[in-house]
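Report on the structure given below.
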Amino acid sequence: MKAVLEAAVTLLTVLVAVLMAVIIAIRISIRRRYRLERRYRPGAELGIAEYLAGLPRVPEAGGRSERAVLLAVALEALGDLRGSERERLAELIERLGYTAEAMAGLRARRRARRRQSAAILAAVAPASATHALTAALDDTDPIVRTACARTLAEVGGADAATAAIIAVAKRDIRAVPGAVAAVVLALGIAQPSALAPLIGADAPPEVRSIAIEVAGRLRLSEHAKLLRACLREQDEIAAGAASGLGMIGDVRSVDALMDLAGDDRRALPARAAAVAALGSIGAAPAVPLLDSLLGADWPLMAAAVRALCRLGDPGTAALRSAAASSRPEASAMAEAALEP
Amino acid sequence: MILYIWFVLGFFIAFVIVHTAVLLFAAVELRRYALRSNASNMRRTLRSPLAPLISVLVPAFNEASGIADTVRSLLALDYPELEVVVINDGSTDGTIEHLAEVFELHQVLRPTPPFLSHRPVRAVYAPRSQLRLLVIDKENGGKADSLNVGINFASYPLICTIDADSILEQDALAKAAAPFAEDPVRTVATGGMVRLANGCRVERGRVMDAHLPRSRFAMFQVVEYIRAFFGTRTGWSAMGALLIVSGAFGLFRRDIVIAAGGYRTDTVGEDAELVIRLHRTCLEAGRPYRIVYVADPVCWTEGPEEAKFLRRQRRRWHRGCLEVLIAHRRMLFNPRYRAVGLLALPSLLVFEVLGPLIELSGYAMCVVALLAGTINWSIFFLFLALALLYGLVLTLGSIALEDAASGRFPAWDDLGRVLLFALAENAGYRQLMHLWRLEGFWQLIRKGEWGAMERKGLSDPVPSAAAGQVKRG
């Protein structure tokens with residue numbers, strides 16, 4: 001017993017010493033990083049700001065640490081910039097050789113290096129990297145694969161990008177949460193038409209629901225027909241499609257949305273989404289249906305009141321009559337909605 | 001007697017195995033998180049049209065002194081779209097009048113949605129400006145009741161619950177919401193890191209300068225928080241069995257919380273109870289889900305510095321643990337509830353609820369055994385050293401994880417202070433906490449006191465009658 005306890009105490013003492021050494025090493029590294037940041041960051045920020053302001057001077061970075069700080073500052077700025085300033089900064093990053101290093105880094109043996117390279121390329125999205133990115137879709141690491149697929153969605157051809165996304169969805173949907181959302185969103189922004197196969201019934205279900213949401217939020221009217229077809233499908237898909245059609249403002253979907261909103265066999269969230277969409281589209285023919293829903297369950301009633309508010313005079317008239325009605329909940333909600 | 005000592009030894013070995021495993025899981029999870037997350041990803045999420053909209057719920061009871069600063073700092077958070085819903089829980093210190101004056105509120109007609117039941121709402125106020133703020137005045141019913149009101153009135157699909165005196169860092173909401181943007185179907189709740197703001201310089205609802213507290217009790221709590229958040233919660237989250245999303249800062253999917261029945265008002269551990277009920281609801285429905293602890297979004301809160309308030313807090317926490325276990329006893333050791341039923345809840349029962357009793361009785365039994373000569377001094381001291389060293393390993397492991405994950409408090413003297421208190425907690429503090437927690441047993445039987453805490457206030461106080469008022473802790 002005593003020997004076992006002594007051995008355990010010795011083991012724990014060693015462990016305490018090791019942990020102390022680890023903590024000290026981490027702190028030394030943190031402090032070194034802070035020191036380098038303090039030393040190089042102001043210069044890097046100033047250099048990039050001047051470059052973006054149009055001054056001819058190109059920011060310079062001599063040593064490895066200085067280059068790393070300059071890249072970090074540039075990538076942070078890249079996240080905040082849009083339009084020509086973003087393009088100018090991306091061009092600077094390429095000019096300073098960072099993207100070439102990152103493309104070479106995608107073939108590195110160390111996983112951390114490959115991930116870092118993929119992240120740099122994902123942030124800069126250089127068109128020249130298409131070949132290297134396509135090759136990296138076969139990387140053993142799911143984070144590298146998904147980062148490359150996302151970048152390809154932004155810079156690659158539509159077919160290649162869509163194929164990459166479906167491959168990513170099949171392989172990495174569990175391994176990297178959010179991978180599919182990031183890739184589909186990038187595709188929706190860069191190549192909207194390429195979303196079509198992802199909205200169709202043949203796409204994997206997880207990809208499909210995200211693609212439907214992206215199409216709606218980005219207001220991609222070219223996909224309205226596909227979204228209309230989704231209204232007849234299961235409730236979760238139908239709800240997403242209805243919201244999307246509302247955001248797009250698709251007038252041709254009014255009848256289908258009214259069918260969904262009035263169908264009491266469908267789930268409440270799907271019906272409420274359809275009601276909200278009718279309001280967003282400004283569908284005056286839906287007023288009688290919305291009026292009839294003022295006696296329904298709360299989520300549907302609340303959505304109907306909000307929709308009526310957006311339908312101008314006919315909607316206001318319906319709300320006035322509901323406010324004067326004997327239905328207490330509908331009356332209270334309509335009164336609140338009519339409040340100036 | 002010797003049998004009991006063997007039992008305590010067995011308990012210790014089980015404790016070591018479970019807590020070491022949790023710490024290792026935490027290390028793996030934090031490394032995975034560090035590799036995946038970076039600043040540009042976070043910005044991308046923030047600017048993405050998929051960024052979820054959030055209603056921040058702030059239950060307030062006699063918070064006139066700091067509520068305006070809290071609301072201002074929440075409205076200024078770095079997040080694309082959020083609304084702040086303040087629920088005044090029958091305050092008697094002029095909280096509502098103060099808010100009305102600062103934000104130019106006027107009463108609005110707003111029918112009460114019927115999703116969750118709660119004490120009656122007296123009035124709803126909104127600002128005359130375009131600020132996304134809603135203030136609900138209701139009859140006093142406690143924090144859980146207030147949160148249920150907030151959930152009913154929230155306009156957005158995600159709700160963030162915080163305490164009225166909590167301070168969120170600028171990017172905390174974005175970081176905590178990232179899992180919802182990344183995995184909108186499965187993520188149902190996320191929790192962030194809670195740190196003690198005692199000792200920090202706070203101005204107008206923002207932490208301007210972070211320091212370790214001077215108070216001894218607060219320092220001991222800093223050590224506990226480091227262990228709890230970096231060691232324990234990250235580890236359980238990695239196993240898919242996170243039981244607690246702190247009431248001081250948590251994000252939830254509103255529809256799932258409503259489906260689960262909202263907060264229970266008959267328990268003092270309403271935050272843990274809700275999380276366990278979310279696990280239960282999702283697992284029983286066969287719904288794939290994630291409840292995630294994210295290590296770097298930070299919420300600052302004030303911890304009790306005086307013994308009497310700390311004692312109330314610990315009694316209340318322990319009572320809360322017991323109530324949760326009683327309410328969800330069917331989940332214990334039930335394979336249907338996977339890691340939650342088979343690992344996390346049994347661990348809560350054995351180490352958190354029964355642990356203080358076993359440890360304190362173990363001390364007493366060891367003394368008796370020593371006096372009776374059943375065990376000798378060298379064994380006693382070796383065992384004591386083992387317990388102290390293992391406690392230190394857990395603390396150091398958590399500090400190493402914290403340093404690697406966040407890199408806060410990098411000053412050497414801060415490290416020295418934390419280590420000093422990590423060692424010193426074994427010489428009285430730990431035992432005192434166990435004693436106070438045992439009082440929670442007694443409280444559960446009596447079902448009496450809620451547990452009040454006098455807050456000093458983190459920000460420069462607004463001169464008002466509220467200064468020095470007692471609020472629920």
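Details
- Helix axis angle, A:235-248 relative to chain A longest principal axis, alpha carbon, degrees: 90
- Residues with amide H under 5 Å from that of B:L57, placed H, sequence gap 5 or more: B:V85, B:C160, B:T161, B:I162
- Most mobile listed residue (A:G178, A:G244, A:G282) in chain A, GNM with C-alpha springs under 10 Å: A:G178
- Fewest-first sequence of B:F230, B:F103 by Cβ atoms within 10 Å of each Cβ: B:F103, B:F230
- Placing +1 on the Cβ of every Lys and Arg and -1 on the Cβ of every Asp and Glu, with nothing else charged, gives the range B:306-405 a dipole about its Cα centre of roughly 620 debye.
- Derived scalar couplings ³J(HN,Hα) [the range B:257-265; Karplus, 6.51 cos²θ - 1.76 cosθ + 1.60; whole Hz; x for Gly, Pro]: 5, 5, 4, 7, x, x, 7, 7, 9
- Dividing the summed -39500 (n - 2.57) terms of all DSSP H runs of n ≥ 4 by the residue count of chain B sets its mean residue ellipticity at 222 nm at -15000 deg cm²/dmol.
- Each Cα pair of the range A:223-340 feeds into the Kirkwood radius, which the Stokes-Einstein equation turns, at 25 °C and 0.890 mPa s, into a diffusion coefficient of 178 µm²/s.
- Built amide H within the under 5 Å cut-off of B:R195, gap 5+: B:C299, B:W300, B:T301
- Total formal charge among the other residues, if their Cβ is under 15 angstrom from that of B:I379, Lys/Arg +1 and Asp/Glu -1: 0
- Bins of 5 Å, starting at 0 and running to the largest distance - Cα pair percent for the range A:110-218: 2, 15, 27, 26, 18, 9, 3, 0
- Between helix B:143-153 and chain B: long-axis angle, C-alpha atoms, 0 to 90°, nearest 10: 40
- Note on B:49-59: average number of Cβ atoms from other chains within 10 Å of each residue's Cβ is 2.
- Globularity index of the protein assembly as shown, i.e. its alpha-carbon radius of gyration over 2.2 N^0.38 Å: 1.02
- For chain A, calculated [θ]222 nm from helices alone, where every DSSP H run of n ≥ 4 adds -39500 (n - 2.57): -23500 deg cm²/dmol
- Our estimate of slack between A:A49 and A:K225, defined as 0.36 nm per intervening residue step minus the Cα-Cα distance, is 58.8 nm.
- Across the range A:332-338, computed HN-Hα scalar couplings (Karplus, 6.51 cos²θ - 1.76 cosθ + 1.60, θ = phi - 60°) run 5, 5, 5, 4, 4, 5, 7 Hz from first to last residue, x flagging Gly and Pro.
- Residue-wise HN-Hα couplings along the range B:386-394, as the Karplus relation 6.51 cos²θ - 1.76 cosθ + 1.60 with θ = phi - 60° gives them from phi, are 4, 5, 5, 5, 5, x, 5, 4, 4 Hz; Gly and Pro carry x.
- Computed E for B:L109/A:R109 - FRET, C-beta separation, R0 56 angstrom, nearest 0.05: 0.25
- Note on the range A:184-340: dipole from Cβ charges, positive end direction compared against A:M258, A:A274, A:L218; the farthest Cα belongs to A:L218.
- Loop-resident sites, the range A:38-76, for trypsin sites (Lys or Arg not before Pro), counting at most 10 other Cβ within 10 Å (DSSP): A:R57
- Angle in degrees between helix B:2-36 and the longest Cα principal axis of chain B, rounded to the nearest 10: 40
Each reported figure results from applying straightforward, stated rules to the coordinates on display, with no laboratory input. These figures come from a predicted structure and were not determined experimentally. Using ideal geometry, Cβ is built from the backbone for each residue, glycine included, and neighbour counts are taken over all protein chains shown.
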